Amino acid sequence: SISSLKSVLSASGRVAFVPTMGNLHDGHLSLMRTARAHGDVVVSSIFVNRLQFGPNEDFDRYPRTFQDDCAKLESANVDHLFAPAETELYPQPQNFFIQPSPKYDAILEGACRPGHFTGVATVVAKLFNIVRPGAALFGKKDYQQLMILRNMVLELNMPIRVLGCGTIREPDGLALSSRNAYLDAEQRAEAPRLYAVLCEIVQRIGAGETCFE
Ligand code: PAF
């Protein structure tokens, strides 16, 4: 619970924090391992945050694997897990929100998912207020999320270092993601092309190419 987490953290030094929605994979675990170097204790949270899912999105079917996750957190030496019930984190309907400016929110993923980044920023601000970390770690896989949270912390004067960690990939280049479980065999075979094309573009830009028609 919030109060038992606060009391256990009150005497434990600098906290490095890895917020997640569970269904942990090696990408998350690499964040936990990196966190070790940035605090005296590593705290992770598991909370599938309804506020960041649109009405027709996958909140209900989002993979929930709590027992497996706990075993992985133990093997990654995470000191404390915060996994609040929805009624504890949102005891009343949320009336106050952290809303990123359209400069950050109206582009890329934000353009297709109205309200998503407001939901992310709001829950992360709540978690930061509860956990009070000195550092918080997020994957570069969700780069727009990382930029938004970095700017939230800067502009709201939160005394937290937001650290971005490299994307962990399958051997064929596909970024690890809980939502990869939604891909059928054909889509799974197609998906690594995304990274392959991005790498090719990087190479061609490096070689001086400027036109990609
Ligand atoms: O990246 C995620 O898993 C989520 O967006 C986060 C940061 C845990 C907020 O719910």
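None of the figures in this text is laboratory data; all of them are computed from the coordinates on show. All values derive from a computational prediction rather than experimental measurement.
Which shape class, rounded, prolate or oblate, goes with the stretch 1-99 when its Cα gyration tensor gives a ≥ b ≥ c as root eigenvalues, a/c under 1.5 marks rounded, and past that a/b bigger than b/c marks prolate? Present the calculation step by step, with values, prior to reporting the outcome.
Values: a/c = 1.96, a/b = 1.31, b/c = 1.49.
Verdict is oblate for the stretch 1-99.
Over the Cα atoms of the stretch 55-213, compute the convex hull volume and normalise it per residue, giving Å³.
Details: hull volume 30.1 nm³, N = 159.
Convex hull of Cα atoms, per residue: 189 Å³.
Counting alpha carbon pairs within less than 8 Å and at least 6 residues apart, what relative contact order, in whole percent, applies to the chain?
Contact order relative to length: 24 percent.
Available extension along the chain between Q203 and E88 is 36.5 nm, counting 0.36 nm per residue and deducting the alpha carbon span. Once you order the gyration tensor axes a ≥ b ≥ c over the Cα atoms, which shape class does the stretch 128-213 get: rounded for a/c under 1.5, otherwise prolate or oblate by comparing a/b with b/c? Oblate, because a/c is 1.5 or more while a/b does not exceed b/c. Ordered from longest to shortest, the equivalent ellipsoid semi-axes for the stretch 115-154 are 16, 13, 8 Å, each the square root of 5 times a Cα gyration tensor eigenvalue. Here, the stretch 88-132 has an Rg and a Dmax of 11.7, 32 Å when only alpha carbons are counted.
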